[in-house]
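To keep things clear, I will list the structure first and then write my remarks on it.
The values are calculated or read from the model by the stated rules, or taken from the named source; none is laboratory data. Everything numeric here is computed off the predicted structure, so don't read it as measured data. We place every Cβ from the backbone using ideal geometry, glycine too, and count neighbours over all the protein chains shown. For accessibility, only protein heavy atoms count, side chains too; no ligands or nucleic acids. Shrake-Rupley method; radii C 1.70, N 1.55, O 1.52, S 1.80 Å.
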Amino acid sequence: MTLQKLQIFRDLTEEEMQKSLVCSQAVTRTYQKNEYIFRQEDRPQKLYFILEGEVEVGSINLNGKITRMSMLAEGEYFGEVELFLRQPGYSCYARARKKATLLEVSQNFFGGRCERNCVHHSKVIFNMLQLFAEKVDKNNHQIEVLTSGNLRQRICAFLLENCNSDYSVTLHMNREELASYLNATRPSLSRMLVALQDEGLIRLSSRNKIQILDYDKVSGENG
């Protein structure tokens, strides 16, 4: 993904984007597979945008167990919660799932208009507000899925939320990650998916694709 395609630069001209990069003291950095971008408790200083690759964001409890985890891909961003809440340390870690190139923007850029009162600065701030609103909306949808009932109902809610016009669902996470997203264990998730397939509600087309065969019955699970 090129810088121009990042939503933070939406509706900016090439000149405005370049000026924004200078004002924000933004840098582009590449991380190798499994390299940490930041660790839990590190001091928040930057906002990160993924230009290429995948990033794993998770938190580890006192027993060393990962308690929550998400996978982020091109165009997505992370690190904003602790940064804008002025927290002393990250509540999570971030590392490259595979080789990843990031745009890193200093927290100082988001403190207000720059000394030269640049118009592009305001545009970037407004774009960030839109991005935050979109993430809140996405999180609200996840909450709806997680509160939709038992595992069977949560799976059906997830499928309905993410299906395409042809009733297919393309997964952007593996089974372990999907189980974590649905607050379930991987074996329980696998058994339920197989059960839904045996009942003729879905077809497990491939490792990353599920076809909804009976939309009405899947919908009825959450009725």
Number of positions in the stretch 44-68 that are closer than 23 Å to Lys99 by Cα and open to solvent by 60 Å² or more (accessible area, probe 1.4 Å): 7
Some residue of the stretch 17-36 being buried (at least 18 other Cβ atoms within 10 Å of the Cβ) and closer than 16 Å to Tyr90 by Cα: no
Search result, residues across the stretch 200-223 that are in a helix (DSSP H, G or I), open to solvent by 80 Å² or more (accessible area, probe 1.4 Å) and either touching a residue at least 40 places away in the same chain (Cβ under 8 Å) or closer than 26 Å to Ile66 by Cβ (or both): Tyr215
For the stretch 69-93, enumerate the residues that are assigned to a strand (DSSP E or B) and surrounded by 18 or more Cβ atoms within 10 Å (Cβ to Cβ). Leu72, Tyr77, Phe78, Tyr93
Cβ-Cβ under 9 Å pairs, at least 6 apart or on other chains, the stretch 6-22 side closer than 18 Å to Thr101 by Cα, far side of a type in the set (Asp, Glu): Gln7/Glu134; Phe9/Glu16
Qualifying residues in the stretch 1-31 (those that are within 23 Å of the chain's Cα centre (by Cα) and β-branched (Val, Ile, Thr)) - the one nearest to Gln45 (Cα to Cα): Val27
